[in-house]
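Novice: Input: one structure, supplied below.
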Amino acid sequence: MRLVLLGPPGAGKGTQAARISARHGVPAISTGQLFDQQISAGTALGRRAEHYVRAGELVPDEIVLDMVAERLTTSVDCEVGFLLDGFPRTVPQAEALDRMLGASCGPLDLVVDLVVGEDEVLERISRRAVSEGRRDDTEQTARRRLKVFAAETAPLRSHYAEQGLLRSVDGSGSPDEVSARIEEVLAAVAHPEVRASRP
Ligand code: ADP
């Protein structure tokens with residue numbers, strides 16, 4: 001199963017990625033987490049990315065693509081598949097991913113778009129800032145990240161809709177409610193005949 005999880009910051013991508021990963025046995029690859037590790041370890045890549053992450057800006061495509069290409073080519077099994085969380089985030093990143101997959105595993109199966117309203121997202125982010133002390137979760141950067149999402153990442157919806165891959169899932173409510181909605185959508189990938197036989 002080759003999946004992308006799309007959605008604004010605070011949509012619950014990390015929580016749902018962990019659940020999908022456990023349930024379907026696919027590794028979840030989160031670029032946010034990879035950057036966090038690189039920054040904590042003080043690597044050259046981490047030092048290049050840190051300033052952008054702290055400001056709530058996107059890390060430049062070139063740095064992101066270097067990191068993702070390495071992760072995909074060194075440790076992804078095409079049979080098992082993968083789940084990408086937080087990548088791609090720009091149209092050029094999506095196009096680069098299409099090329100990478102075209103040359104290796106073959107195209108994506110599905111893009112799950114977690115849809116959550118801006119007010120709910122801001123409330124979730126400020127709650128998380130208090131409980132987890134994330135390095136990029138101040139009110140100001142949260143607002144900045146939402147703006148960046150609307151400008152840079154939301155256009156991916158049409159990119160994937162054109163490819164017939166986009167499935168929008170209501171991301172409001174409890175994690176269990178959201179998981180149940182996602183599982184319904186994924187059933188079509190696990191059992192393609194169900195999808196094919198629907199009118
Ligand atoms: P969230 O899911 O809350 O948006 P992430 O943990 O996915 O947060 O990402 C945190 C930060 O890492 C982003 O604000 C950005 O600076 C950087 N980042 C992660 N993935 C990407 C990407 N694909 N392209 C550019 N920057 C990225």
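Novice: Name the pairs whose Cβ atoms lie under 8 Å apart, with the first residue in the stretch 80-99 and of a type in the set (Lys, Arg), the second more than 10 Å from the ligand (Cβ to nearest atom), and 6 or more positions between them or separate chains?
Specialist: Pairs found: Arg89/Leu156.
Novice: Another one. Mind counting the residues in the stretch 160-179 that are under 15 Å from Glu120 (Cα atoms) and within 15 Å of the chain's Cα centre (by Cα)?
Specialist: Total satisfying the criteria: 1.
Novice: Of Ala17, Ala22, Ala94, which residue is part of a helix (DSSP H, G or I), hydrophobic (A, V, I, L, M, F, W, C) and in contact with a Pro (Cβ under 6 Å, 6 or more places away or on another chain)?
Specialist: The unique qualifying residue is Ala94.
Novice: Kindly evaluate Val148 against the criterion of being modelled with pLDDT of 95 or more and either under 28 Å from Arg23 (Cα atoms) or within 12 Å of the ligand (Cβ to nearest atom) (or both).
Specialist: No; evaluated as a whole, the condition is false for this residue.
Novice: So, in the stretch 46-62, exactly how many residues are surrounded by 13 or more Cβ atoms within 10 Å (Cβ to Cβ), closer than 19 Å to Arg144 by Cα and more than 9 Å from the ligand (Cβ to nearest atom)?
Specialist: Looking only at that region, the number is 1.
For (1) out of contact with any strand residue (DSSP E or B) (no Cβ under 9 Å at 6 or more places or on another chain); (2) near the ligand (Cβ under 9 Å from one of its atoms), each residue gets a yes or a no:
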residue	(1), (2)
Ala28	no, no
Asp36	no, yes
Ala44	yes, no
Val64	yes, yes
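Residue by residue, here is whether (1) surrounded by 14 or more Cβ atoms within 10 Å (Cβ to Cβ); (2) within 11 Å of the ligand (Cβ to nearest atom); (3) part of a helix (DSSP H, G or I) holds:
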{"position": "Thr73", "(1), (2), (3)": "no, no, yes"}
{"position": "Cys105", "(1), (2), (3)": "yes, no, no"}
{"position": "Arg127", "(1), (2), (3)": "no, no, yes"}
{"position": "Arg144", "(1), (2), (3)": "yes, yes, yes"}
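The values are calculated or read from the model by the stated rules, or taken from the named source; none is laboratory data. Everything numeric in this text was worked out from a predicted model, so none of it was measured. Glycine also receives a Cβ, built like all others from the backbone with ideal geometry; neighbour counts cover every protein chain displayed.
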